[in-house]
Amino acid sequence: MPAATKEPKAAKSAKADAYTELCDLVRKGSVLGSVNALLNWDQETYMPAAGAAHRAEQQSMLAELVHERMTSKRIGELLKACEADQSLVGKESSETARNIREMRRDYDLATKLPGSLVAELAKVGSQAQEVWKHARANDDFKSFAPWLDRMMSLSRQKAECYGVKAGGELYDALLDEYEPGMTAREVESIFTPLRERLTDLIGRVAKSGKKIDTSCIEVKVDPKLQHEFGLQILKAIHFDLDAGRLDVTTHPFCSGMAPGDTRLTTRYRGEKFTDALYGTMHEAGHGLYEQGLPKLGSGKKPGHFGTPLGDSISLGIHESQSRMWENFVGRSKPFWKWALPRANKAFEGALKGVTVNEMFAAVNTTSPSLIRVEADEGTYNMHVMIRFELERALLHGDLAVKDLPAAWNEKYKSYLGVKVPDDRRGCLQDVHWSFGLIGYFPTYTLGNLYSAQFWETILTEIPDLEDQMAKGEIGQLREWLRDKIHKHGKRYRAAELCKKVTGKPLSADPLLRHLSSRAGAVYGV
Ligand code: ZN
């Protein structure tokens, strides 16, 4: 072989080595991060309360170590080398080019934050979480207020470190962590008309005067039986229990902490079994996404765990997966055709004589309420909008923490027409702010919008899906989601994926069509 052809080959392998080393370093940081995820899960499930102070130290130290690794000079050098190599980034939409683009984004964001701030956020978050638990249990906002104040101030510092783009606002910097590329103004432009149309729908339902009999879901079912039924549902929707588990917590969540290890949590109420059922299906939707991400390799293909290609796109897309299983599958008639006899058997005859139509109506009522996680589909997004407006005001200093309860109660009165009796069922109900998750709430509604738009496409591509669901066959739906969404990891941004999968940019119309159709079926409006 002539020497001239040998040199580029050698050069190419040196550059490919840069990419391999880059992925390896980032993956190692993620392995360390997954230890923190395990500690978080433990804190929420089994850790004795007295372990909280030391846990905060552990989490703070780990967060700092992860940050140190993810901001290393070497990663910066390798990124530069990869970005200069056309064989890696020349084709902008290739997996490798996208992986490098997203690693650059993560690196730039991480290097903007000083390690001390990262450690403090983790420590205060862990401590504030414990304070919040007690404050919520005792309806004691005063004890939580200084911690929320501290969290807001740290979040402000974090947003300032990330920086505000021209024409933007501080809130954007935090929202961008969860929903890359989205701004507060864009969220507002989606939420404002959505609120008007939802207000109209909720008003029409109220005017109908129709009272739905919900006694079929308000039956006493032993939590043990509920848990067994939850596991049965997980198997039916193909959540892999050999690579996951289901536990009990105060605030249900899913942690896709590692390849082969996806953990779901739920909470049981003796008197209304659908709370836990839908909580479980919701978290299972997140879990199926985590299990569908290409974290583990197959055959000769290496796994992508730890790099963006093995990670989810955004919280909005993540939420679209959970809401799809909870609402589009779990609250549908075809699902109940299959599930009702099974639930009746699992609950030892507690649902005897209940019809599919009665169950469908009972799980699709629309009625303004106090608690977001228990809200029905029709009113849920109003809860999200209230939080978005309040946290935006808190962050920007337009609302003082001490005035939060009054502002909260006033918004519930004006948006949902409900009177908040205490802070426990008011501004203390969510875990997010204690953790410092500011900018997170809008992704819930974005998830609802994405799920409705995906669902319309799914129904045209799997025309007999509802017949399949009535027989408990969910496999084709799961494969569709894997193929169109899960397997790509972070190769596409949310807006790009939406266009690619549905052919259209995100719109509120599919969700409103869906909600109107359900309200029509149940209330005749
Ligand atoms: Zn969720």
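The values are calculated or read from the model by the stated rules, or taken from the named source; none is laboratory data. A quick note: this is a predicted structure, and the numbers were derived from the prediction, not measured. Note: ideal-geometry Cβ built from the backbone for every residue, glycine included; neighbour counts use all protein chains shown.
A Cβ distance below 6 Å, combined with a sequence gap of six or more or placement on separate chains, defines the contacts here; from the stretch 168-180, residues that are at positive phi reach no residue that is of a type in the set (Val, Ile, Thr) and in a helix (DSSP H, G or I).
Is at least one residue of the stretch 460-478 among the basic types (Lys, Arg), crowded, with 22+ Cβ neighbours inside 10 Å and either in a helix (DSSP H, G or I) or at pLDDT 95 or above (or both)? Give the steps one after another, and end with the answer.
Keep residues of the stretch 460-478 that are among the basic types (Lys, Arg), which gives 471, 478.
Cutting the leftovers down to crowded, with 22+ Cβ neighbours inside 10 Å gives us none.
Within the stretch 460-478, none of the residues are among the basic types (Lys, Arg), crowded, with 22+ Cβ neighbours inside 10 Å and either in a helix (DSSP H, G or I) or at pLDDT 95 or above (or both).
All of (1) in a helix (DSSP H, G or I); (2) on the phi > 0 side of the Ramachandran plot hold for His282 with one exception: (2). Of all residues in the stretch 399-430, those being surrounded by fewer than 19 Cβ atoms within 10 Å (Cβ to Cβ), farther than 20 Å from Pro368 by Cβ and touching a residue at least 12 places away in the same chain (Cβ under 8 Å) number 1.
Here Val373 meets each of (1) within 25 Å of Ala339 (Cα to Cα); (2) in contact with a Cys (Cβ under 7 Å, 6 or more places away or on another chain); (3) not in a loop (DSSP other than H, G, I, E, B) with one exception, condition (2).
Among the residues making up the stretch 479-503, a single one is within 14 Å of Ile458 (Cβ to Cβ), more than 18 Å from the chain's Cα centre (by Cα) and outside any helix (DSSP H, G or I): Gly503. Of the residues making up the stretch 355-382, those that are without any contact (Cβ under 8 Å) to a residue 24 or more places away in the chain and either of a type in the set (Val, Ile, Thr) or surrounded by 21 or more Cβ atoms within 10 Å (Cβ to Cβ) (or both) number 2.
Selection over the stretch 210-252 of residues that are closer than 19 Å to Gly472 by Cα and charged (D, E, K, R) gives a count of 3.
Cβ-Cβ contacts under 9 Å between residues 6 or more apart (or on different chains), taken from a first residue in the stretch 223-235 that is free of Cβ contacts under 8 Å to residues at least 40 places away in the same chain to a second residue that is surrounded by fewer than 21 Cβ atoms within 10 Å (Cβ to Cβ) and assigned to a helix (DSSP H, G or I), are listed as Leu231/Leu241; Lys235/Leu241.
Filtered by the rule that a residue be within 12 Å of the ligand (Cβ to nearest atom), touching a helix residue (DSSP H, G or I) at 6+ places or on another chain (Cβ under 6 Å) and assigned to a helix (DSSP H, G or I), the stretch 429-449 gives Thr443, Tyr444, Thr445, Leu446, Gly447, Asn448. Between Asp149, Asp176, Asp200, the distinction of being of a type in the set (Asp, Glu), assigned to a helix (DSSP H, G or I) and surrounded by 20 or more Cβ atoms within 10 Å (Cβ to Cβ) belongs to Asp176 only. Just so you know, in the stretch 271-315 the residues that are more than 16 Å from the ligand (Cβ to nearest atom) and polar (S, T, N, Q) include one that is surrounded by the fewest Cβ atoms within 10 Å (Cβ to Cβ), and it is Ser298. Evaluating Val221 against the criteria (1) surrounded by 23 or more Cβ atoms within 10 Å (Cβ to Cβ); (2) in a loop (DSSP other than H, G, I, E, B); (3) β-branched (Val, Ile, Thr); (4) within 16 Å of the ligand (Cβ to nearest atom) leaves one unmet condition, (4).
Pairing each residue of the stretch 271-287 that is within 13 Å of Arg323 (Cα to Cα) and in contact (Cβ under 8 Å) with a residue 40 or more places away in the chain with any residue that is within 11 Å of the ligand (Cβ to nearest atom) and β-branched (Val, Ile, Thr), provided the two are 6+ apart or on different chains, yields no C-beta distance under 6 Å.
Restricting attention to the stretch 237-250, does a residue exist that is buried (at least 19 other Cβ atoms within 10 Å of the Cβ), in contact (Cβ under 8 Å) with a residue 12 or more places away in the chain, in a helix (DSSP H, G or I) and away from the ligand (no atom under 14 Å from the Cβ)? So far as the stretch 237-250 goes, no, none of its residues is buried (at least 19 other Cβ atoms within 10 Å of the Cβ), in contact (Cβ under 8 Å) with a residue 12 or more places away in the chain, in a helix (DSSP H, G or I) and away from the ligand (no atom under 14 Å from the Cβ). For the stretch 251-269, the set of residues classified as part of a loop (DSSP other than H, G, I, E, B) and either buried (at least 20 other Cβ atoms within 10 Å of the Cβ) or aliphatic (A, V, I, L, M) (or both) consists of Pro252, Pro259, Tyr268, listed by residue number.
Given the residues Lys345, Lys352, which is the only one that is without any contact (Cβ under 8 Å) to a residue 40 or more places away in the chain, assigned to a helix (DSSP H, G or I), away from the ligand (no atom under 16 Å from the Cβ) and closer than 20 Å to Leu225 by Cα? Can you show your working first?
Values: Lys352 fails: assigned to a helix (DSSP H, G or I).
None of the other options fit; the residue is Lys345.
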